Amino acid sequence: MAKLDILEFPDPRLRLKAQPVETFDADLQKLADDMLETMYEAPGIGLAATQVNVQKRLLVLDVSETHDAPMVFVNPELLETRGTEVCQEGCLSFPGVYADVQRKDWIRVRAQDAAGKSFELETDGLLAVCIQHEIDHLDGKVFVDHLSPLKRALLLRKLEKQRRHAG
């Protein structure tokens, strides 16, 4: 397995829309494994393929406290959503930046695993938020897109200031 490079905002490749996965093979499994390793090392709880410059509809996540429940979603699609909640989100493509984001409270998602087997999942809470966040990445969206223009501008200024001080 290899640790992958995570793209950081404002890299324009984060705005690309991922293409459906059609081939389920050893290369796809290796990509999922490498993404999980990268996510755990970052450390994070979710990672979309677009964040590592792979334009495929693939995301990995693990919201368990013990980091031993990895999940792989290939070609995920939201089938149903209910309610709303506000949750503080961060993103590996926005290091050190967090904001309150409104998401759906409950979701039903259909996807495939790395072998191509279809499954459906109904969930709420952190797992639902994480899945929605990562699907946004696959659609070329980032979490700051859910903020008001003023909050987004303040957050992006903070990110730029952090980069100037780090460099």
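The values are calculated or read from the model by the stated rules, or taken from the named source; none is laboratory data. Given the structure is predicted, the values throughout are model-derived calculations rather than measurements. Here the Cβ is made from the backbone with ideal geometry for all residues, glycine too, and neighbour counts use every protein chain on show. Accessible surface is based on the protein model in full, side chains and every heavy atom, while ligands, DNA and RNA are left aside. Shrake-Rupley method; radii C 1.70, N 1.55, O 1.52, S 1.80 Å.
Against the main long axis of the alpha-carbon atoms of the chain, helix 26-41 sits at an angle near 40°.
Of interest is the spacing of the C-alpha centroids, which for segment 43-84 and segment 2-29 amounts to 12 Å. In plain terms, the chain from residue 5 to residue 145 could stretch by 48.1 nm, reckoned as 0.36 nm per residue minus the Cα-Cα distance. Rolling a 1.4 Å probe over the protein heavy atoms of segment 1-130, with every protein chain left in place, gives an accessible area that is 49 percent carbon and sulfur.
The residues neighbouring residue 41, those whose beta-carbon lies less than 13 Å from its own, together hold a net charge of -4 under the Lys/Arg +1, Asp/Glu -1 convention. A probe of 1.4 angstrom, applied to the heavy atoms of all protein chains, finds residue 158 with accessible area near 100 square angstrom. Calculate how steeply helix 125-138 sits against the longest principal axis of the alpha-carbon atoms of the chain, using the helix alpha-carbon long axis, and give the answer as 0 to 90 degrees to the nearest 10. Approximately 90 degrees, to the nearest ten.
To the nearest 10, the accessible area of residue 160 is 90 Å² with a 1.4 Å probe.
Tell me, what is the per residue accessible area of the chain in Å², probe radius 1.4 Å? List each step's numbers first, then the result.
Values: 8800 Å² over 167 residues.
Accessible area per residue, the chain: 53 Å².
Accessible surface ranking for 143, 119, 1.4 angstrom probe, highest first: 119, 143.
When the solvent-accessible surface of protein heavy atoms is calculated with a 1.4 angstrom probe, in what order do 71, 39 fall, highest first? Don't skip to the end; give the middle numbers.
Numbers: 71 55, 39 0 Å².
Ranked list, largest accessible area first: 71, 39.
Here semi-axes √(5λ) of the Cα gyration tensor in Å was computed from the coordinates, and among (1) 25, 20, 14; (2) 21, 20, 17; (3) 31, 17, 14 the match is (1). To the nearest 10 degrees, how steep is helix 149-166 against the longest Cα principal axis of the chain, on a 0 to 90 scale? Roughly 90 degrees between the two axes. Taking the helices alone, the chain has a mean residue ellipticity at 222 nm of -9500 deg cm²/dmol, built from -39,500 (n - 2.57) per DSSP H run of at least 4 residues and averaged over all its residues.
Assuming charge only on the beta carbon of Lys and Arg (+1) and of Asp and Glu (-1), the dipole of the chain about its Cα centre is about 900 debye to the nearest 20.
Cα-based count: Lys pairs in the chain below 17 Å, eight or more positions apart or different chains? The result is 10.
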